[in-house]
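Written below as structure tokens is the structure these notes are about.
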Amino acid sequence: MPLPGTPRFPDDVPTLTAGDVTLRVHRAEDAPDAVVQCTDPVSVRWTTVPHPYDLEMAKGWLGQVVPGGWESGSEHAFAIETTHPDGVRRFSGTVSLRDAGPGRGEIAFGAHPDVRGRGVMTTAVDLLMRYAFDTLGLRVLVWYANVGNVGSRRVAWKSGFTFGGTMHAWLDHRGETTDAWVATRHRDDPAGPRGPWDDGSGQSA
Ligand SMILES: CC(C)(COP(=O)(O)OP(=O)(O)OC[C@H]1O[C@@H](n2cnc3c(N)ncnc32)[C@H](O)[C@@H]1OP(=O)(O)O)[C@@H](O)C(=O)NCCC(=O)NCCS
């Protein structure tokens, strides 16, 4: 069974909060900050966001792609909201749960550059895991990243994922097939890292 469809978008999308981090439904007003995020070099380097990227693309993504994912159950994407360095709470990234077959989901995430490095994504992933396991009843989550994406790997490590090594030529990166790190997190796994930090340099392709 895929993730449940959400017939009444945006009304049925839950709001989840921990401290200063909230997961909520995406809104049209998020478009300018989504452009900043999607044109940031680190996002371009490590994600499959279209490049170049502009405001019209952000509006289409917010108005059609995100609602479509909720309605079909293919992807439950939450906007992350937290306080930016200018003191204003607003769009700060996206964390997603993608259908990966019965009882399984794939997590995917990207943070607005202005909020990185202070634990926002780790908190957002924790909220998403609770939603996946406790609300939807999933059994296991999988994480993939291009080999070398140490920031993403660190979030997965802090979130209690168990690393499985490198998958040769697994990810599509703008038409190029790239090697992937893979890790899984089971519902009954204890919170926190599974072992000492390892930046993956011993597992590069
Ligand atoms: C990966 C990403 C989401 C992390 O977001 P974040 O809010 O900074 O995450 P957190 O602050 O919760 O944790 C990140 C940790 O990784 C560290 N880190 C980030 N980039 C790093 C790098 N290149 N090398 C080593 N450590 C890095 C941070 O210092 C932080 O360390 P800490 O645990 O000691 O605090 C963000 O860097 C991002 O948006 N990257 C581009 C998109 C992307 O790669 N998405 C994932 C695709 S698989």
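The values are calculated or read from the model by the stated rules, or taken from the named source; none is laboratory data. Since the structure is predicted, the reported quantities are computational estimates derived from the model, not experimental observations. Reconstructed Cβ throughout: ideal geometry from the backbone, glycine too, with neighbour counts over all protein chains shown. We work out accessible area using only protein heavy atoms, side chains counted, and drop any ligands, DNA or RNA first. Shrake-Rupley method; radii C 1.70, N 1.55, O 1.52, S 1.80 Å.
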Give me the extension gain from E106 to R45: residue separation times 0.36 nm, minus the current Cα-Cα distance, reported in nm with one decimal. 19.9 nm
Going 7 Å from the Cα of E29 along its beta-carbon direction, which residues of region 115-155 have the amide nitrogen within less than 20 Å of the resulting point? 115
Based on the Cβ-Cβ distance from H168 to R139, what FRET efficiency comes out when R0 is 25 Å, to the nearest 0.05? 0.40
For the chain, what is the charge dipole size about the Cα centre, in debye to the nearest 20, if Lys and Arg each add +1 at the Cβ and Asp and Glu each add -1 at the Cβ? 440 debye
When the expected Rg is taken as 2.2 N^0.38 Å, what fraction or multiple of it is the alpha-carbon Rg of the chain? 0.98
At 1.4 Å probe radius, can you tell me the per residue accessible area of region 1-110 in Å²? 48 Å²
State, to one decimal in nm, how far the label point of E176 lies from the label point of S201, with both points 7 Å from Cα in the Cβ direction. 2.2 nm
With +1 on the Cβ of every Lys and Arg and -1 on the Cβ of every Asp and Glu, and nothing else charged, how large is the dipole of region 50-165 about its Cα centre, in debye rounded to the nearest 20? 440 debye
Which residue, chosen from P52, T123, A77, occupies the Cα position most advanced towards the positive end of the dipole of region 16-142, where the dipole is computed from +1 (Lys, Arg) and -1 (Asp, Glu) charges on Cβ about the Cα centre? T123
What ³J(HN,Hα) values, in whole Hz, does the Karplus curve 6.51 cos²θ - 1.76 cosθ + 1.60 give for region 140-145 when θ = phi - 60°, with x put for Gly and Pro? 8, 10, 10, 10, 10, 8
Toward the positive end of the charge dipole of the chain, about the Cα centre and with charges on Cβ (Lys, Arg +1; Asp, Glu -1), which of L141, P32, G175 goes farthest? L141
For region 154-171, in residue order, the Karplus 3J(HN,Hα) values (coefficients 6.51, -1.76, 1.60; θ = phi - 60°; whole Hz; Gly and Pro = x) are 5, 4, 4, 4, 5, 8, x, 6, 9, 7, x, x, 10, 9, 6, 6, 9, 9
Sort 197-203, 102-108, 90-96 by the packing proxy (mean of other Cβ within 10 Å over each peptide's residues), most packed first. 90-96, 102-108, 197-203
